[in-house]
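Reading through the C-alpha cells given below for one structure.
The values are calculated or read from the model by the stated rules, or taken from the named source; none is laboratory data. Nothing here was measured: the structure is a model prediction, and the numbers come from that model. Cβ coordinates were reconstructed from backbone atoms using ideal geometry, including for glycine residues, and neighbour counts include every protein chain displayed.
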Amino acid sequence: MQAWRIAKKQFALDRTGIGARTYGGRWNAPGVAVIYAGMTPEISAMEKLVHAGDILPVDLVLVRLDLPENASLYHRCSVADLPPGWDDLPGSTAAVELGNAFISAGAHLGMIVPSVVMPEADNIIINPSHAAFAKVAMTVIRPFEFDSRLRG
C-alpha cells in the first residue's frame, strides 16, 4: 500500500513524527508522535496547501511511503465512525482524543481517516512506534512546487 507526503526537504524522511509530536495536529496532541500522510498525492497537496499559510514553502518534496500490505495493520474510519465535531475548524478535541487513543493502544500501524478538506479522500495517521513501522520505506520522488495559479 502506498501513502504520500509533501514535506520540507529537511524533514521529508523523518521517521520519528517530531513535527506532529512538537506541535500536535488534528489527530494528536503535542507530545504524541504521529506521521501524517495522504492516500493519494492529490489529497496530500490539498492538505499541504490549506496548512501552508500565506506563503507557500519553496523547499518541498513529494515523498512516497511504501507501507506493508497486511490489512490487519490498519484501522479504517468512515465519516459515520467518527465522533461529532471531528471536522471542526481550526481543530477538534474529539479528533485529538480519538487519535491519541489510537496511538496509545498501539494495535495498528495506521488509522485511515477522511480528510477534512475533502471527506471523500483519505489520510492516514501512522504510528512510528508500531513494530511494523520498520517495514515502511520512504522515498523522495521529486521536488514539489505548487502551480502558481493556486494562489493569486
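Summary table below
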read-out	value
Residue count, segment 63-85 (criterion: in contact (Cβ under 8 Å) with a residue 60 or more places away in the chain and among the polar types (S, T, N, Q))	1
Cβ pairs under 6 Å, 6+ apart, first in segment 125-142 and more than 19 Å from Ser44 (Cβ to Cβ), second at pLDDT 95 or above and among the hydrophobic types (A, V, I, L, M, F, W, C)	His130/Leu109; Ala132/Leu73; Ala132/Leu109
Test set (1) assigned to a loop (DSSP other than H, G, I, E, B); (2) at pLDDT 95 or above; (3) surrounded by 12 or more Cβ atoms within 10 Å (Cβ to Cβ) - Gly85 fails condition number	(3)
Tally, over segment 86-107, of residues that are in contact with a Phe, Trp or Tyr (Cβ under 6 Å, 6 or more places away or on another chain) and either free of Cβ contacts under 8 Å to residues at least 40 places away in the same chain or at positive phi (or both)	1
Residue under evaluation Thr22, criteria (1) hydroxyl-bearing (Ser, Thr, Tyr); (2) closer than 22 Å to Ala121 by Cα; (3) assigned to a helix (DSSP H, G or I), criterion not met	(2)
Failed criterion for Val58 (all others in (1) modelled with pLDDT of 95 or more; (2) within 28 Å of Leu150 (Cβ to Cβ); (3) in a loop (DSSP other than H, G, I, E, B); (4) of a type in the set (A, V, I, L, M, F, W, C) hold)	(1)
